[in-house]
Amino acid sequence: WQISGPKGSYTSKNIIMDKFIVKGPSKLKGEIAISGSKNAALPILASTILFDKEVIIKNLPRVKDIDTMINLLKSLGSEIKFSKDKKIVKITKKNKHKIFASYSLVRTMRAGILVLGALVTKYQKSVTSLPGGCLIGARPVNYHLNALKKLGMKYEIKKGYIYANTKGKLEGAKIRFSKISVGATENTIIAACLANGITTLRNCAIEPEIVDLINFLKSGGAKIKFVGKRTLKIEGIKSLKSTSYSVMSDRIEAGTFCVAACLTGGNLKINNLYPKVIKTELTLLKKVGAKIKTTKKQIHIIGPKKIKNISNLVTKEYPDFPTDLQAQFMVLLCKAKGKSSITESIFENRFMHVAELRRLGAEIIIKKNKALILGNTSFKAAELMSSDLRASVALVLAAMVAKGSSIINRIYHLDRGYENIENKLRKVGVNIKRIS
Ligand code: UD1
């Protein structure tokens, strides 16, 4: 165990000016191992605040958002020790905990808001920064606050901070989310674990990352069960016991590499993921012409010679098509024979990659939250700018099939959520270089 870890391709010292040079076209061949899921690891790490005893979390991805959450936990009084490769963390509590989640940490990563439910249920008090908006949309936290209020949390918003407290413990309640929200479901599950009595949550998000959070909390003794497709029953307990848990693999990373194989007419074996968590995506890729074979923890995908179009693909909550793969699928559909369309129904402003894809030659028309993709694009290299995490990876995909050398600026967005992406891609035949 050590306090800080070794250097990977991503290091916490990466600076804002890092860029990728990608020389295309490329055809992918070989095997890729999927890393731990960022979106599962973040709520799991936040929920370690509930524990008094040591907790070990395994299979962490080496990405910037995880560092930010770890720094947030440190600032709240958790003691952190990493394994040598930084994929396993041992978290213990110092006697002196804190309840202040600062703007400087929460603003860079919206999942920082997930410490709110944990702090209030554990210590009856918290001062947590509001995360603020981001490029893909306003992303308010009203569903988080409404649900926690129903459990008895009182709060006031002052100078960008949520000042929250409760008299005694939170009290179990019956809550129905007016809209499905991944983060609000997670925050409320975490809070209800240590509340008095029973909490029923209806209209919950049921993303695999939520199930992973539940399984982690159950491994520490929490009493949580699904009593309907989107209904959870949580029986509050006094304390959680020491546990060790391995985070699920990243289904969005796996989906991204499946798209990459398909896009380049490649032949990839994608290891270390249960294919059933990306069933919808694999069905879509079969529809565009990919040949796919799955075994228990592997996907073998062979891209088609001609990519078929898809009309009216709509992003929706799990188990439907994820918004986090919308940009990647758009790149794929640019290469399809014929017109396709994608409707973005989760976020209000998630087409920022479109302007950059146009610079590579894509023809895409945007009408409100619908993108009409004309198809038959022969991408040609250009200099590009990343705007957010998933948009940046879409630019890498497009650059991989574009003729010539593309430069992708501001890849710090990618470092937030993709572990070692350039090494993984290089191993399967992509000509990609990081310039620091
Ligand atoms: C999580 C994922 C993100 C993914 C998203 C949707 C993490 C760390 N992030 O984000 O990668 O794209 O789910 O699958 O797991 N909303 C409100 N008020 C709220 C909460 C949400 O209006 O209090 C809105 C959001 O602005 C958005 C929609 O509801 O339009 C869904 O957001 P939500 O499911 O909460 O996404 P996140 O948890 O932020």
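Derivation of every value follows stated rules applied to the coordinates shown; laboratory data play no part. Keep in mind that this is a model prediction, so the values were computed, not measured. Note: ideal-geometry Cβ built from the backbone for every residue, glycine included; neighbour counts use all protein chains shown.
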Q.
Given R₀ = 25 Å, what would the calculated FRET efficiency be for residue 74 paired with residue 165, taking r from the Cβ atoms and rounding to 0.05?
A. 0.60
(Q) If you scale each eigenvalue of the Cα gyration tensor by 5 and take the root, what three semi-axes come out for the stretch 307-436, rounded to whole angstrom and sorted largest first? (A) 23, 17, 13
Q) If each Cα of the stretch 16-97 is one equal point scatterer, what is log10 of I(q)/I(0) from the Debye formula at q = 0.14, 0.16, 0.26, 0.27 Å⁻¹? A) -0.57, -0.68, -1.30, -1.37
**Q.** trypsin sites (Lys or Arg not before Pro) within the stretch 41-75: DSSP coil, no more than 14 neighbouring Cβ in 10 Å
**A.** 53
**Q.** Where N is the number of residues in the stretch 181-312, Cα Rg divided by 2.2 N^0.38 Å
**A.** 1.33
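Would you please give the FRET efficiency between residue 383 and residue 436, computed as 1/(1 + (r/R0)^6) with r the Cβ-Cβ distance and R0 = 22 Å, to the nearest 0.05? Intermediate values should be presented prior to the final figure.
Values: r = 17 Å, r/R0 = 0.78.
It comes to 0.80.
May I ask you to compute the full-extension gain from residue 276 to residue 296, defined as 0.36 nm times their residue separation minus their alpha-carbon distance, rounded to one decimal in nm?
Numbers: separation 20, 0.36 × 20 = 7.20 nm, distance 0.89 nm.
Difference between extended and current length: 6.3 nm.
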Q: Give me the percent of Cα-Cα pairs in the stretch 73-215 that sit more than 22 Å apart, rounded to a whole number.
A: 40 percent
**Q.** Among 208, 140, 131, residue whose mean-square fluctuation peaks in a GNM of the chain (springs only between Cα atoms under 10 Å)
**A.** 140
(Q) Students often get this wrong: which residues of the stretch 377-406 have the backbone nitrogen under 12 Å from the point 7 angstrom along Cα-to-C-beta of residue 21? (A) 405-406
Q.
Is there a quick way to get the dipole size of the stretch 87-171? I mean about its Cα centre, with the Cβ of Lys and Arg at +1 and of Asp and Glu at -1; what is the value in debye to the nearest 20?
A. 360 debye
Q.
Can you give the log10 of the normalised intensity I(q)/I(0) at q = 0.15, 0.16 Å⁻¹, computed with Debye over equal Cα scatterers of the stretch 140-250?
A. -0.64, -0.72
Q) So which helices of the chain fit the span-like rule, where a helix is a whole DSSP H run, its Cα atoms reach 15 Å or more along the axis, and its mean Kyte-Doolittle is at least 1.6? A) 389-401
Q. How many nm separate the modelled label positions at residue 376 and residue 33, each set 7 Å beyond the Cα in the direction of the Cβ?
A. 4.5 nm
Q: Work out how much length residue 423 to residue 407 would gain on full extension: take 0.36 nm times their residue separation and subtract the Cα-Cα distance, in nm to one decimal.
A: 4.1 nm
Q.
I want to verify a result. In a Gaussian network model of the chain, Cα cutoff 10 Å, which of these has the top mean-square fluctuation: 330, 400, 17?
A. 17
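According to the Kirkwood expression over distinct Cα-Cα pairs, how big is the hydrodynamic radius of the chain, in Å?
Here the Kirkwood hydrodynamic radius works out to 22.2 Å.
So for the stretch 344-418, what percent of the C-alpha to C-alpha distances run longer than 20 Å? Don't skip to the end; give the middle numbers.
Numbers: 828 of 2775 pairs.
The answer is 30 percent, as a whole percent.
Show that you can apply the helix-only estimate: for the chain, add -39,500 (n - 2.57) for every DSSP H stretch of four or more residues, divide by all residues, and state [θ] at 222 nm to the nearest 500. Please list the in-between numbers first.
Working: 14 runs with 130 residues, N = 436.
So the calculated ellipticity at 222 nm is -8500 deg cm²/dmol.
Could you work out how much longer the chain between residue 349 and residue 85 gets when fully extended? Use 0.36 nm per residue separation minus the Cα distance between them, nm to one decimal. Write down the numbers at each step before the final one.
Numbers: separation 264, 0.36 × 264 = 95.04 nm, distance 3.67 nm.
Residue separation times 0.36 nm, minus the Cα-Cα distance, leaves 91.4 nm.
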Q | Interatomic Cα distance distribution for the stretch 267-349, bins of 10 angstrom, percent | A | 17, 48, 31, 4
